[in-house]
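Just below is one structure, and these are the notes that go with it.
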Amino acid sequence: MTARKKMSPSERAKQFMPFAALKGFEEALREKEKMVAGKVSLPEESKEELDRRLHQIQNNDTITE
């Protein structure tokens with residue numbers, strides 16, 4: 001069995017440094033928190049038109065305005 005080389009204090013400190021398992025996760029959460037939209041109220045005829053269009057959508061359709 002061989003003796004281990006003694007670590008310098010800075011090398012040893014690196015072992016205990018915090019790390020982010022998911023880099024960018026905290027920032028992404030903060031961005032999501034900022035996105036708030038108010039409730040939109042539509043007239044009944046607009047709701048019906050939107051509902052009709054939504055029911056026409058099929059898989060693999062390309063949606064534009």
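The values are calculated or read from the model by the stated rules, or taken from the named source; none is laboratory data. Keep in mind that this is a model prediction, so the values were computed, not measured. Quick reminder, even Gly has a Cβ in these numbers, built from the backbone with ideal geometry, and neighbours come from all protein chains shown.
Residue-level analysis places residue 28 outside the set of residues that are small (Gly, Ala, Ser) and modelled with pLDDT under 80.
Among the residues of region 30-60, those identified as surrounded by 10 or more Cβ atoms within 10 Å (Cβ to Cβ) and not charged (D, E, K, R) are 42, 46, 50.
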